[in-house]
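Trainee: What follows is a single structure, and I will ask about it in a moment.
The values are calculated or read from the model by the stated rules, or taken from the named source; none is laboratory data. Please read these numbers as outputs of a predicted model, since none were measured by experiment. Glycine gets a Cβ as well: all are built from the backbone with ideal geometry, and neighbour counts include every protein chain shown. Keep in mind that these areas ignore ligands, DNA and RNA; they rest on the heavy atoms of the full protein, side chains included. Shrake-Rupley method; radii C 1.70, N 1.55, O 1.52, S 1.80 Å.
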Amino acid sequence: NIEPGKTIDVDITYFQTLRYDNDAWEFVFPMVVGPRFNPPGSTDGVGAAPRGSNPGQAGHATQISYLAPNERSGHDIGRTVEIDAGIPIGRISSRSHVIEVDRTDSTRATVRLASTDTIPNKDFVLRYEVASSDIRSGVITHDNGDGTGIFSLMLVPPAEASYLERQPVELVFVLDCSGSMSGKPMEQSKNAMRRALRSMQPGDTFQIVRFSSNASQLGSEPLDATQRNIERGLDYVDQLRGGGGTMMIEGIKASLDFPHDPKRLRYVVFLTDGYIGNESQILGAIHDKLGPARIFSFGVGSSTNRFLMERMAKLGNGCAAFLGLNDPAVDIMDDFFERISHPAMTDLAIDFAGAEVDGVYPRRPADLYAGRPVIITGRYQGSLPREIAVHGRLGGEDRSLFIPVRDDAESGERFDALAALWARTKIADLSEQMTWTRDQDTQMGLAGEIERVALAHNLMSAYTAFVAVDSLTITEG
């Protein structure tokens, strides 16, 4: 019901759990979709083709044109973020954009894009630190009013994790050498890998896998981190170049099928922009081949496929990090080594003291690394106990954390967003199951459950859509 020459406003509200990493919260607003690569023979993805090409040239039912390097869309974007942290805010920064900050008081601030940086050619990433670094484990709850409730549990690594030395590790670096990585993304990735190789310790082992249209590797088995082998690795990295397609499935097979030393914890480190259209195939392959490995995914570039990077890390019981074109690659890799340099609290199990709890996501809690909390959501019947116990292993010993439960009725605060957050987490879990489920009937059942949950919570999904009906204005005739 838009009359000629008239303008309407469309307001969309969504809820998202912010990422907490190394004493800062991070808000990301995607502004770019890069041209995706689909393997030969794929027909059900979205094909990307140069401007002016014939429909269907990309071999897909749906085809879009991408911009040439010297083109822009002609549109500009505005972005205003109002932060209400609840506790005093420290430094506010963005490595991706030039921002203007107006601090209302110690706990609130308004952030805007500067007028010189309004072209939507990179994702917007905003980080803000809180004055207190005393972030503690805790549980918040929301009463649905029908005898059920939603809880969100944030687990913070115990302080002693920072003082325990790590055991020798096995690192497998997997570098995307496709055409979309050419130039600055490739150089950033190589700088990060050089830093990683030079940071290895005696007793560690490593291997380097590269992939584009095919995959190859430095050697047939893990190499000891001797000075001579590290120099070999550095020479191999120097010779890598970007070009060809993104056959990521070959990189996954080469890295996860690799011979493994059970005495070492294996970390598989992917460095890629993730510009692919067959995400489901990739996630399914990781699910089938993961074994004992932990996956750390590094999204490289100004508009990485964050969905893929974070899902890979989640499936791989690791973490995702993002290396922008202006970020110091050395610092990003140092953060990674700092994270794995101390034993994670592994094999987490949650004891709800007999409370009736279901729908807990993620199904398998990720390992608890220093500087990176784990957030778990679920439903409960009746009430939760005053304290929830979390058991795991740290430094080879059994450890337990006891987390106090904060009831919204007692605290005077309402956490209404928890229901939507739980529903989104459930939909994500169901969607992941669809990536590795081969049975058609099971696929249809999962799709039906996604639709049911999305409709119950008014959420966008792959099987639901928003329909706006404006009854406030009636156009004559």
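Trainee: Give me the accessible area of residue 91, 1.4 Å probe, in Å² rounded to the nearest 10.
Mentor: Number for this one is 140 Å².
Trainee: I want to make sure I understand the PRE zone here: with the label point 7 angstrom from the Cα of residue 289 toward its beta carbon, which residues in the stretch 38-55 have backbone N atoms less than 18 Å away?
Mentor: 38-40
Trainee: Return the distance in nm (one decimal) between the two label points of a simple spin-label model at residue 3 and residue 26, each offset 7 Å from Cα along Cα→Cβ.
Mentor: 4.8
Trainee: Quick check: the distance between the Cα centres of the stretch 1-41 and the stretch 61-108, to the nearest angstrom?
Mentor: Between the Cα centre of the stretch 1-41 and that of the stretch 61-108, the gap is 11 Å.
Trainee: Which percent of Cα-Cα pairs in the stretch 264-337 sits in each 10 Å bin, short to long?
Mentor: The distribution over the stretch 264-337 is 21, 52, 24, 3, given as percents.
Trainee: Alpha carbon centre of the stretch 321-400 versus the stretch 196-267: separation in Å?
Mentor: Here the answer is 28 Å between Cα centres.
Trainee: In what sequence, highest mean first, do 426-435, 287-296, 5-14 appear when ranked by Cβ atoms within 10 angstrom?
Mentor: Ranked by mean Cβ neighbours within 10 Å, highest first: 426-435, 287-296, 5-14.
Trainee: Relative to the present Cα-Cα distance, how much length would full extension add between residue 400 and residue 62 at 0.36 nm per residue of separation?
Mentor: The residue 400-residue 62 span can extend by a further 116.5 nm.
Trainee: Taking the Cα-to-Cβ direction at residue 136 and at residue 105 and moving 7 Å from each Cα, how far apart do the two end points lie in nm?
Mentor: 2.4
Trainee: Under 25 Å between alpha carbons: how many lysine pairs meet that in the chain, if sequence neighbours fewer than 8 apart on the same chain are excluded?
Mentor: 13
Trainee: So, one more: When you count, for each residue, the other Cβ atoms within 10 Å and take the mean per peptide, how do 366-375, 217-226 rank with the highest first?
Mentor: 366-375, 217-226
Trainee: Within the accessible area of the chain, what % is carbon and sulfur when the probe is 1.4 Å and the other protein chains stay in place?
Mentor: Whole-percent figure for carbon plus sulfur exposure: 49.
Trainee: Rg and Dmax of the chain over Cα atoms: what are they, in angstrom?
Mentor: Taking only Cα atoms of the chain, I get Rg and Dmax of 23.7, 82 Å.
Trainee: Now for a different question. If you count the DSSP beta bridges with both ends in the chain, what percent of them are antiparallel, to the nearest 5?
Mentor: Expressed as a percentage, antiparallel bridges in the chain total about 65.
Trainee: For the chain, give the magnitude of the charge dipole about the Cα centre (Cβ charges: +1 Lys/Arg, -1 Asp/Glu; no others), in debye to the nearest 20.
Mentor: Values: 47 positive and 64 negative charges, 276 e Å.
Using only the charged Cβ atoms, the result is roughly 1320 debye.
Trainee: Less than 14 Å Cβ to Cβ from residue 454, Lys/Arg counted +1 and Asp/Glu -1: what total charge do the surrounding residues give?
Mentor: Details: positive: 424, 426, 452; negative: 429, 449, 451.
Residues near residue 454 contribute 0 overall.
Trainee: Still on this structure: Ignoring ligands, DNA and RNA, what accessible area per residue does the stretch 1-109 give at 1.4 Å, in Å²?
Mentor: On a per-residue basis, the stretch 1-109 sits at 70 Å².
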